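Visitor: Mind looking over this structure? Questions follow.
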Amino acid sequence: MILFATQALGGNSDTLRSRAEKKGLFIGGAMRLYKETLDDPKYFETFKNEFNVIVPEHVMKFDATHSSEKTYDFSGGDLIVDFANHNSMKVRGHTLVWHEAVPPWVNQYKYSRRKLKAILHDHILSVVTHFKSKLLCWDVVNEAIGEDGKISREGIWPRIDKGKHLGDYIKNAYRWAHQADPDVLLFYNDYGTEEINKKSDGVYNFIKDLKKEGVPIHGVGFQVHISYNEPLNEESIRENFKRFSDLGLLLHITEMDVGIPKDVPLTPPVLEQQAEQYRKVFGACLATPLCQAFLTWGITDKYTWINQVTDMTAPLLLDEFYLPKPAYRVVKSLLD
Ligand code: 9MR
């Protein structure tokens, strides 16, 4: 529902991309390759005009690339890499180790620790080798730390590690990825970590230890899946980003979206409130020397995971007609 007149993007050379490139920054979004998007040329047109980095929403995950033990399928990732190369864009690899998007052949069987470790090793070596020299970075490990700041036992992968060795599977994942492609930047990616809190303390301390042990890790991703009216402490975000930057890590905002409950009308004040959330987070990124990328989880409200999975909607910078929302204008003005 559009309640205010706005100008279309078309034919404009003053884009988010053109402004970001003047500042040496990456700006992008998650790309989905479903029938709905493949049949929508405007989707790809908008990606290449407005953005210079893409993260695949699904096609590089375990269940998409490795759906049975002996089968690898890189076709979706290859398409995105080709599209990116063709349009001088970069690709963030997402993701190698996550408790979700694990196929039944891994989840349903009771493997020994040793076998499970061999499965993960083979997966990481095969996938990273296939995309060697083609990606900007990999989200090697995704969402492995809980709200309490401790390494989580959720999902299959932590079963590789016995008791007090919990976390070794994470360290190995980085080492194996680095062996397969020594030039690609390796990230840890999580949600609920933008402010200083128990979880971000846990992530900070864990990465600090990894660096101390010489584990190859180069960056940290902040997903930032939030809602339009949740309180965000800007000072805390800035301080938090700074402490990661002080460790010498690159920072990426990897999946930002700002949901609005479906029963809240998309009035101008509500959309302004949404834009303000983007301002706080993107502003903090711009104020942090090693923050080099800002990506949203999708690019248009026409296609967003939150419509299916949550009671929220309309979380992105462009509305369902690809028209710029107040959030788009705020992000653009910060790139001035
Ligand atoms: O948006 C993604 C959705 O289409 C997939 O079905 C789902 C499982 O693969 O993953 C969603 O993306 C998640 C991302 O990979 C990690 N952070 C949370 C995202 C939203 O759930």
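The values are calculated or read from the model by the stated rules, or taken from the named source; none is laboratory data. Note that the structure is predicted; figures quoted are calculated from it, not measured. Backbone-built Cβ (ideal geometry, glycine too); neighbour counts: all protein chains shown. The accessibility values were calculated without ligands, DNA or RNA, using every heavy atom of the protein model including side chains. Shrake-Rupley method; radii C 1.70, N 1.55, O 1.52, S 1.80 Å.
Visitor: For a quick check of your reading of the filter: which GluC sites (Glu not before Pro) in region 35-89 sit in a DSSP loop and have no more than 13 other Cβ atoms within 10 Å?
Guide: GLU69
Visitor: Then there's this: Just to verify a number: what accessible area does SER18 come out at with the full protein assembly present, 1.4 Å probe, Å² rounded to tens?
Guide: For SER18, solvent-accessible area is about 30 Å².
Visitor: Starting with the highest mean, order 242-250, 206-214, 283-291 by the number of other Cβ atoms within 10 Å, averaged over the residues of each peptide.
Guide: Final packing ranking: 283-291, 242-250, 206-214.
Visitor: Let me ask something additional. With a sphere of radius 14 Å drawn around the Cβ of LEU125, what net charge do the other residues whose Cβ falls strictly inside it have (Lys, Arg +1; Asp, Glu -1)?
Guide: Here the count lands on +1.
Visitor: May I ask you to list the lysines whose Cα is less than 27 Å away from that of LYS212, ignoring any residue fewer than eight positions away on the same chain?
Guide: Excluding near neighbours in sequence, the set is LYS117, LYS132, LYS150, LYS162, LYS164, LYS171, LYS198, LYS199, LYS242.
Visitor: In degrees from 0 to 90, rounded to the nearest 10, what is the angle of the helix 268-286 Cα long axis to the longest principal axis of the chain?
Guide: That helix lies at roughly 50 degrees to the long axis.
Visitor: Which value in Å does the Kirkwood hydrodynamic radius of the chain take, with 1/r averaged over all unlike C-alpha pairs and then inverted? Intermediate values should be presented prior to the final figure.
Guide: Working: mean 1/r = 0.0491 Å⁻¹.
Final number for the Kirkwood radius of the chain is 20.4 Å.
Visitor: Still on this structure, please answer the following. Distance in nm between label sites at PHE321 and LEU125, each 7 Å beyond Cα in the beta-carbon direction?
Guide: Going by the 7 Å Cα→Cβ label model, 5.5 nm.
Visitor: Full extension from GLU21 to PHE44: what is 0.36 nm times the residue separation minus their Cα-Cα distance, to one decimal in nm?
Guide: Stretched out fully, the GLU21 to PHE44 stretch lengthens by 6.4 nm.
Visitor: Please compute the modelled spin-label separation between GLU147 and THR71, points set 7 Å along Cα→Cβ, answer in nm with one decimal.
Guide: According to this spin-label approximation, the distance is 3.8 nm.
Visitor: Counting DSSP beta bridges in region 29-170, what percent are antiparallel, to the nearest 5?
Guide: 20 percent
Visitor: For region 66-213, place one equal point scatterer on every Cα, skip the solvent, and apply the Debye formula. What is log10 of I(q)/I(0) at q = 0.08, 0.14, 0.20 Å⁻¹?
Guide: -0.23, -0.72, -1.34
Visitor: For region 1-109, what number of Lys pairs, 8 or more residues apart or on separate chains, have alpha-carbon atoms under 17 Å from each other?
Guide: 5
Visitor: Set the Förster distance to 35 Å, then compute FRET efficiency between LYS198 and ASN12 from the Cβ-Cβ distance, nearest 0.05.
Guide: Taking R0 as 35 Å, the efficiency between LYS198 and ASN12 is 0.20.
Visitor: Let me ask something else about it. Just the ratio, please: alpha-carbon radius of gyration of region 211-334 over 2.2 N^0.38 Å, N its number of residues.
Guide: Details: Rg = 15.3 Å, N = 124, 2.2 N^0.38 = 13.7 Å.
For region 211-334, the normalised Cα radius of gyration comes out at 1.11.
Visitor: Give me the extension gain from GLU36 to ILE156: residue separation times 0.36 nm, minus the current Cα-Cα distance, reported in nm with one decimal.
Guide: Roughly 40.0 nm would be gained on extension.
Visitor: Using a Förster radius of 35 Å, what is the FRET efficiency between GLN308 and ASP336 based on their Cβ-Cβ separation? Nearest 0.05, please. Intermediate results must be reported in sequence, preceding the final value.
Guide: Details: r = 35 Å, r/R0 = 1.01.
The value I calculate is 0.50.
Visitor: Roughly how many percent of the accessible protein surface of the chain is carbon and sulfur, given a 1.4 Å probe and a whole-percent answer? Write down the numbers at each step before the final one.
Guide: Details: 7310 of 14310 Å².
Heavy-atom surface of the chain belonging to carbon and sulfur, 1.4 Å probe: 51 percent.
Visitor: For every other residue with a beta carbon closer than 12 angstrom to the beta carbon of LEU286, add +1 if it is Lys or Arg and -1 if Asp or Glu, then tell me the sum.
Guide: Its environment carries a net charge of +4.
Visitor: Can you tell me the FRET efficiency between LYS110 and VAL264 if r is taken as the Cβ-Cβ distance and R0 is 41 Å, rounded to the nearest 0.05?
Guide: For R0 = 41 Å, the calculated efficiency reads 0.35.
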